[in-house]
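For reference, the structure discussed in these notes is given below.
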Ligand SMILES: Nc1ncnc2c1ncn2[C@@H]1O[C@H](COP(=O)(O)OP(=O)(O)OP(=O)(O)O)[C@@H](O)[C@H]1O
Ligand SMILES: [Mg+2]
């Protein structure tokens with residue numbers, strides 16, 4: 001297992017009162033999987049992504065990334081893990097506007113102690129892999145939304161992370177560019193990249209091979225059904241157990 005989350009709780013403090021946001025979240029992801037985590041706004045998706053990406057720690061529970069106990073690591077070690085093991089893709093690309101596509105993609109290589117002489121070739125290869133070999137010297141404002149997202153994906157992959165974590169990767173894109181990004185994710189997954197994608201869009205989630213749902217901080221696998229009151233609930237994969245009301 002590459003990701004193992006066990007009984008994760010996350011509370012935020014509001015006026016000194018803890019507000020529970022993630023409630024007993026447990027799941028595992030195997031190397032090479034392509035997983036979508038779906039849920040409505042405010043359900044805890046980004047909170048969960050921040051924990052998986054080691055940007056934030058849970059209030060309680062355990063999280064192992066490729067066998068490493070994340071809650072037992074120092075801040076310095078967590079930065080190293082983020083840099084070397086996780087590739088992040090965000091809705092709004094988060095490219096540096098004053099740097100070219102190539103410079104943006106080279107940046108994580110400088111944090112991972114990759115020899116200076118090798119960085120350019122590795123970044124060029126990553127940009128070619130996402131279909132941007134012709135636009136390496138363009139600045140972000142000279143690229144379309146879909147192209148910017150592909151630069152961000154190249155940047156996320158350049159250190160060969162254990163997992164590509166994407167939070168609403170198509171959220172800022174038109175339909176065609178969104179489809180292109182989904183095609184690219186499909187291709188990368190076929191090449192062995194493990195992907196965890198967060199989305200509120202069922203059409204996007206359906207591109208993944210496995211879909212989980214998060215509703216009000218509770219995660220479940222399986223599908224939505226309506227209960228006797230017409231309220232949507234999630235069923236466990238075996239179809240038997242009710243996990244959460246919307
Ligand atoms: N730093 C914080 N302090 C207090 N509450 C927070 C904080 N961050 C998030 N929350 C609360 O936690 C809940 C989940 O937020 P989160 O950002 O994880 O939702 P989300 O599923 O990503 O939503 P969206 O689809 O709108 O991005 C929300 O109710 C939010 O108000
Ligand atoms: Mg969010």
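When the stretch 109-128 is limited to residues that are surrounded by 13 or more Cβ atoms within 10 Å (Cβ to Cβ) and at pLDDT below 95, the one that is farthest from residue 87 (Cα to Cα) turns out to be 114. For the stretch 42-58, which residues satisfy the criterion of being over 16 Å from the mean Cα position of the chain (by Cα) and farther than 23 Å from residue 74 by Cα? 42, the sole residue that qualifies.
For the stretch 98-118, check the following and say yes or no: at least one residue is closer than 24 Å to residue 49 by Cα, free of Cβ contacts under 8 Å to residues at least 24 places away in the same chain and part of a loop (DSSP other than H, G, I, E, B). No, the stretch 98-118 contains no residue that is closer than 24 Å to residue 49 by Cα, free of Cβ contacts under 8 Å to residues at least 24 places away in the same chain and part of a loop (DSSP other than H, G, I, E, B).
Can you give me the number of residues within the stretch 195-204 that are farther than 15 Å from residue 43 by Cβ and more than 10 Å from the chain's Cα centre (by Cα)? Going through the stretch 195-204 one residue at a time, the tally reaches 2. Of the residues that make up the stretch 151-168, is at least one surrounded by fewer than 21 Cβ atoms within 10 Å (Cβ to Cβ), away from ligand 1 (no atom under 16 Å from the Cβ) and over 20 Å from the mean Cα position of the chain (by Cα)? No, there is no match, as no residue in the stretch 151-168 is surrounded by fewer than 21 Cβ atoms within 10 Å (Cβ to Cβ), away from ligand 1 (no atom under 16 Å from the Cβ) and over 20 Å from the mean Cα position of the chain (by Cα).
Checking 79, 74 one by one, the residue that is without any contact (Cβ under 8 Å) to a residue 12 or more places away in the chain and either surrounded by 15 or more Cβ atoms within 10 Å (Cβ to Cβ) or under 17 Å from the mean Cα position of the chain (by Cα) (or both) is 79 and no other. The condition of being surrounded by 14 or more Cβ atoms within 10 Å (Cβ to Cβ), part of a strand (DSSP E or B) and within 20 Å of the chain's Cα centre (by Cα) holds for residue 87.
Considering only the stretch 30-53, state which residues are within 16 Å of residue 6 (Cβ to Cβ), away from ligand 1 (no atom under 16 Å from the Cβ) and in contact with a strand residue (DSSP E or B) (Cβ under 7 Å, 6 or more places away or on another chain). Steps first, answer last, please.
Quick first cut of the stretch 30-53, residues within 16 Å of residue 6 (Cβ to Cβ) only: 30, 48, 51-52.
Filter once more, keeping what is away from ligand 1 (no atom under 16 Å from the Cβ): 30.
Passing the criteria: none in range.
Filtered by the rule that a residue be within 16 Å of ligand 2 (Cβ to nearest atom), surrounded by fewer than 21 Cβ atoms within 10 Å (Cβ to Cβ) and in a loop (DSSP other than H, G, I, E, B), the stretch 27-52 gives 40, 41, 42.
The values are calculated or read from the model by the stated rules, or taken from the named source; none is laboratory data. All values reported here derive from a predicted model rather than from experimental measurement. Glycine gets a Cβ as well: all are built from the backbone with ideal geometry, and neighbour counts include every protein chain shown.
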